[in-house]
1. Would you mind computing the Rg to Rh ratio of the stretch 99-138 from its alpha-carbon coordinates, Kirkwood style for Rh?
2. Quick one: give the max-minus-min coordinate of the C-alpha atoms of the stretch 166-215 along each principal axis, largest first, in Å.
3. For the stretch 167-314, what is the convex hull (Cα atoms) projected area averaged across all directions, in square nanometres?
4. Using Cα centres only, tell me the gap between the stretch 163-215 and the stretch 327-353 in whole Å.
5. Which whole-Hz couplings ³J(HN,Hα) result when phi for each residue of the stretch 113-128 is put into the Karplus expression 6.51 cos²θ - 1.76 cosθ + 1.60, θ = phi - 60°, listed in order with x for Gly and Pro?
6. At 1.4 Å probe size, with no ligands or nucleic acids counted, give the accessible surface of L335 in Å², nearest ten.
7. Sort the stretch 279-352 into rounded, prolate or oblate with this rule: let a ≥ b ≥ c be the square roots of the eigenvalues of the Cα gyration tensor; rounded if a/c is under 1.5, and if a/c is not under 1.5, prolate when a/b is larger than b/c, oblate otherwise.
8. Which of the lysines could a cross-linker span from K268 if the Cα-Cα distance has to be under 25 Å and same-chain partners fewer than 8 positions apart are dropped?
Amino acid sequence: MKTVQANASRGADARRPSGWMMLAGLLALVAVVFILAQVSGLRMVQSPREEATGQHGSTPGQKQATSSISPSPPLPTNTAELIEEVHREILAIRERYPDDIDCREMEARFLDWVGKSEEAVAIWKECLEKSPQYAHAYVGLASVAFKRGDYEQAATWARQAIGLDPGYYRARDICAEALLNLGRPQEAVEVLAEYLAKDPRAHGLFLLGRAYTLLQDWDRAAKAYEAAVRKYPDYAEAFYALSRVYLRQGKRAEAEKILARYWELMKKRDLHVEGMPLGTDFKEASVNAAIISSDLGRIYLAKGNREEALRLWYRAIALDPSHLPAREMLAQLALQERRDGEAIVQYQKLMELDPMSLQYPLVLAAILTRNQRLSEAEQILRAFCERWPERPEGYVAIAQFYLAVAGRAEDARKAAEKAVEIAGTAANYALLAQAAHAAGNQQKAEQAFKKAVELAPGRPEWERLREMILQETSARQSGQP
């Protein structure tokens with residue numbers, strides 16, 4: 001028995017960058033934004049207009065949102081209308097880009113969705129003839145093999161995709177579940193555990209819990225299921241599995257409480273809808289239509305057709321308001337185009353939809369800082385550190401934030417020290433060196449800098465940091481102010 005959310009995880013990232021890679025890129029952007037803010041010498045104050053009205057202005061020179069998108073047509077009212085709408089979009093993009101392999105692959109996914117798996121398989125094999133390194137086709141073949149119960153073949157195809165793209169979550173999801181169905185839980189752990197530590201996904205964590213359960217590793221199974229329900233608080237199946245593990249651990253009271261939550265969630269379900277085949281349930285069909293619309297938008301953007309991309313992403317959100325990838329793309333495009341107001345709105349909604357995300361609050365805080373909404377940015381960063389005290393990213397971001405805000409260098413040093421305590425990387429030691437220098441603690445700055453160089457020698461950015469620290473140290477030793 002699968003939830004809509006679990007089913008959605010199958011296709012949600014078919015053309016989506018892996019979460020941990022996206023996080024790494026966005027964290028780099030966070031650093032850039034905070035550095036730009038530091039250069040501007042921000043102060044923790046609000047303008048008189050902000051204080052009087054509670055409103056916030058845009059950064060001078062910021063582009064305003066512009067779009068010539070036509071009003072959206074009415075939403076489909078049944079599954080047949082949904083399928084017809086998506087079919088029209090597939091035909092349109094194929095007509096516009098007839099030789100594009102991504103468009104052909106999208107056609108295969110549509111055919112598989114509507115039950116024409118043989119035709120889909122033929123297209124995916126055609127894609128591999130054109131491009132043997134095309135990971136999407138391997139995932140498509142793996143998904144069909146899985147649905148047919150050929151788990152060995154599904155795992156084989158999925159491993160091909162993982163070999164080509166280690167960050168491809170959907171490939172890992174299919175591979176792990178196929179391995180579990182083959183009774184090979186240790187291999188499923190190897191496929192999922194390291195990836196999920198960087199990019200936690202609810203369904204992946206559920207599968208990891210299943211693997212540890214089969215291995216009778218009750219402590220790890222409990223942790224995986226607990227992480228799954230934190231990521232997706234309405235994950236009934238994960239609650240049920242967690243209650244069984246708690247019983248194994250002798251935690252009867254906790255098991256009863258968790259089981260009550262499971263029954264509470266099950267009462268909200270339409271059991272008839274849950275039992276219907278994939279693609280005949282309107283809610284499920286809306287989720288899948290949103291996924292396809294979102295991915296078509298990515299192809300259009302890659303072709304330089306921004307307006308079509310925007311239209312399809314807004315349509316995906318209309319079809320499924322909980323759909324994250326389209327909002328992510330809208331937010332990132334707005335950020336690139338310096339339409340910060342739109343980016344803020346989208347990241348706020350993303351945080352609401354996925355409160356366990358690591359990336360959304362950090363990027364939102366950076367954008368708010370750039371727009372001098374400093375009290376809001378600090379509140380978000382402090383909340384991040386309180387929620388995930390074991391994660392260095394929050395302390396790195398808040399240290400960068402304090403460096404960007406005039407008069408907060410000592411706070412920056414303390415935050416950077418915490419980041420180093422959690423993760424003693426070269427980058428974190430370099431941040432500590434910068435923060436200690438700004439706070440006037442040159443001895444600490446020199447020590448941290450030496451550690452950064454020791455951990456990662458030869459980086460060109462170290463020379464700029466070294467010159468800054470040496471100049472300050474020289475001035476101090478000579479008694480200059």
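1. Taking Rh as the inverse mean 1/r over Cα pairs, Rg/Rh reads 0.94.
2. Reported extents, whole Å, longest axis first: 24, 16, 15.
3. Hull-based average projected area comes out at 10.6 nm².
4. Centre-to-centre (Cα) distance: 30 Å.
5. 4, 8, x, 9, 5, 4, 5, 5, 4, 4, 5, 4, 5, 4, 4, 6
6. Counting only protein heavy atoms, L335 exposes about 10 Å² to solvent.
7. oblate
8. Within reach: K2, K231, K257, K283, K349.
The values are calculated or read from the model by the stated rules, or taken from the named source; none is laboratory data. The structure presented is a predicted model; accordingly, all values stated were derived computationally and were not measured. Cβ coordinates were reconstructed from backbone atoms using ideal geometry, including for glycine residues, and neighbour counts include every protein chain displayed. Accessible surface areas use protein heavy atoms only, side chains included; no ligands, DNA or RNA. Shrake-Rupley method; radii C 1.70, N 1.55, O 1.52, S 1.80 Å.
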